[in-house]
Amino acid sequence: MTNLIALFSAASFLFYGLNCLLSIKMKEEFERFGLSAQRKLTGVLQLLGAVGLIVGVTVSPLIGTMAAAGLSVLMLLGFGVRLRLRDGLIATLPSFLFMFVEAYLSYRFYLLL
């Protein structure tokens with residue numbers, strides 16, 4: 001079950017990482033957040049985290065642990081940005097849920113070390 005959650009999460013972060021780098025809508029969102037300079041870094045971190053989750057499932061639980069922990073921190077920061085902007089529940093919920101999913105995955109990968 002953990003592998004399925006990790007692969008779903010990896011697919012999600014691959015999608016959002018690519019959107020972060022390529023989508024005009026995401027560029028506008030980061031401008032709204034006041035974080036234009038961090039958009040590309042965020043997209044790259046999401047892509048690296050996604051690859052790290054896949055590596056964690058297939059090869060190295062250590063890489064999976066670090067990737068999931070990093071994504072959890074990234075989602076914590078995203079959640080904080082959404083709170084600061086007073087975005088509604090629908091906009092805020094994904095970062096909050098992914099923060100906990102990634103923390104769970106980090107713990108589960110850690111147990112495999």
Identify, from the list Gly70, Gly64, the residue that is crowded, with 19+ Cβ neighbours inside 10 Å, within 20 Å of Phe15 (Cα to Cα) and not acidic (Asp, Glu). Gly64
Only residues that are over 13 Å from the mean Cα position of the chain (by Cα), surrounded by 14 or more Cβ atoms within 10 Å (Cβ to Cβ), of a type outside the set (S, T, N, Q) and under 24 Å from Glu102 (Cβ atoms): list them for the range 10-37, please. Leu21, Met26, Glu29, Phe30, Phe33, Leu35
Of everything in the range 24-47 that's touching a residue at least 24 places away in the same chain (Cβ under 8 Å) and assigned to a helix (DSSP H, G or I), which residue is farthest from Leu105 (Cα to Cα)? Arg32
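Bear in mind these aren't lab numbers, they're just calculated from the coordinates by the rules spelled out. A quick note: this is a predicted structure, and the numbers were derived from the prediction, not measured. Note: ideal-geometry Cβ built from the backbone for every residue, glycine included; neighbour counts use all protein chains shown.
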